[in-house]
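Q: Before I ask anything, let me first share the structure, which is written out below as structure tokens.
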Amino acid sequence: MSQEVSYSQVQRVREIAISDYAESVAKILGETICTASTQVAANQQRIETVQNINLSHPSTTILQSPTSLKVIQKHFERNLATLNKSETKSDEVSIIKAAAIMTMQQENLKIENKPLIMRSIQELMNASTVKQTTEKLTTAFSDIKNEHAKVFNNTLSSAIQIASSNVGFVNIKSEIVSPNLTRIVATNPNGYNLISEIHIDNKKKVDIQSELEGITDGSCKKIMDDFNKELESLGVIAERKERKPTGGIAQMEYAKTLQKRRKATKREFVNEQVLTKDNKNKTVQYINKK
């Protein structure tokens, strides 16, 4: 009775119901790199040609988890190596800028704070020395990764809410408990709860923990089966997934809180006494005598 499911190290989620506030870094780059030198533009073209990159194709609808963004550094190093092997001479500042721009355009990066990212990219474009360019690049990559992590978390929360609703838990409340914890509590018409929490650690590793609370009729297995299928259809993929029955004993702290409330409410109803007609008459007589 009742089930608990854990998704460890969530790798990706499909862009679903992604809010209008989330913007593509590639699009922002188009608005800011116009100040780049002709040498930077030529280096970009060189990378595209050598690596046979086509940036005009539609971007993927898959959002990679924050921990999967390590690929940014790998792509940057590959782009840098491509230019350094080129026979055409170019200054190091232009090489770094071009490699950075191509890297940002190659990834499906989404951000919330557009002014912050535009400022970071513009400062990178304005850098004039190798030291300045490297420092501004580090800042820009860091800002973008942090922003992308926020969008990923919000999109994952949307996916959980949609999946919960699709399996009948239509009364949904979502709360950002802390920067590292988002809680979604979905309730069905019978008053049973499907609780999901998104946990993010200091290394930006994302985990999901879900638990059914209050169900005692044996339907929990099918509900969790359907819930997992809904999450998979929304592109939620994790490195590991574990599932176990709880035997009706709440495992998550919030589930324990709800279970205590449920038991307390039940005790109140059980302890209520109904007076018989004779007892009511005796009570009234006693009160009147006083």
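Q: Per residue of the chain, what 222 nm ellipticity follows from adding -39500 (n - 2.57) for every DSSP H run with n ≥ 4, rounded to the nearest 500?
A: -17000 deg cm²/dmol
Q: Using Cα atoms only, what is the angle between the long axis of helix 114-126 and the major principal axis of the chain, expressed in degrees (0 to 90) to the nearest 10?
A: That helix lies at roughly 20 degrees to the long axis.
Q: Suppose accessible area is computed on protein heavy atoms with a 1.4 Å probe; arrange 156, 258 from highest to lowest.
A: Largest accessible area first, the list is 258, 156.
Q: I'd like the orientation of helix 220-233 relative to the chain: the angle between its Cα long axis and the longest Cα principal axis, in ° from 0 to 90, rounded to 10.
A: With both axes taken from Cα atoms, the answer is about 20 degrees.
Q: Hey, another quick one. How would you order 104-112, 116-124 from highest to lowest mean count of nearby Cβ atoms within 10 Å?
A: 104-112, 116-124
Q: Between helix 253-271 and the chain, what is the angle of the helix's C-alpha long axis to the longest principal axis, kept within 0 to 90° and rounded to the nearest 10?
A: That works out to roughly 10 degrees.
Q: Once you have a ≥ b ≥ c as the square roots of the Cα gyration tensor eigenvalues for the range 62-139, tell me rounded if a/c is under 1.5, and otherwise prolate or oblate according to whether a/b is larger than b/c.
A: Oblate, since a/c reaches 1.5 and b/c is not below a/b.
Q: Which shape class, rounded, prolate or oblate, goes with the range 123-271 when its Cα gyration tensor gives a ≥ b ≥ c as root eigenvalues, a/c under 1.5 marks rounded, and past that a/b bigger than b/c marks prolate?
A: prolate
Q: Quote the accessible area belonging to residue 25 in square angstrom, nearest 10, computed with a 1.4 Å probe and with ligands, DNA and RNA left uncounted.
A: Around 0 Å² of this residue is reachable by solvent.
Q: Then there is this: Rounded, prolate or oblate: pick one for the chain, where a ≥ b ≥ c are the square roots of the eigenvalues of its C-alpha gyration tensor, a/c under 1.5 means rounded, and failing that, prolate if a/b is larger than b/c, else oblate.
A: Judged from the Cα gyration tensor, the chain comes out prolate (a/c at least 1.5, a/b above b/c).
Q: For the range 173-256, max minus min Cα coordinate along each principal axis, in Å, sorted largest first?
A: Extents along the principal axes, in whole Å: 40, 25, 22.
Q: Working with all protein chains in place, sort 62, 208 by solvent-accessible area computed with a 1.4 Å probe, largest first.
A: Result, largest first: 62, 208.
Q: How many percent of the accessible area of the chain is carbon or sulfur, using a 1.4 Å probe?
A: Summing carbon and sulfur atoms, their accessible area is 50 percent of the total for the chain.
Q: Here's another thing I want to ask about it. How high is the relative contact order of the range 8-137? Use alpha-carbon pairs under 8 Å, at least six apart in sequence, and give a whole percent.
A: This gives 40 percent for the range 8-137.
Q: For residue 11, which sequence-distant residues (separation of 5 or more, or a different chain) have an amide H within less than 5 Å of its own amide H, given hydrogens modelled in the peptide plane?
A: 237, 238, 239
Q: Among 243, 183, 261, what's the order by accessible area (1.4 angstrom probe), most exposed first?
A: Greatest to least solvent exposure: 261, 243, 183.
The values are calculated or read from the model by the stated rules, or taken from the named source; none is laboratory data. Quick caveat: nothing in here was measured; it's all calculated off a predicted structure. For neighbour counting, all protein chains shown are included, and Cβ atoms are generated from backbone atoms with ideal geometry for every residue, glycine included. Note: areas computed on protein heavy atoms with side chains; ligands, DNA, RNA excluded. Shrake-Rupley method; radii C 1.70, N 1.55, O 1.52, S 1.80 Å.
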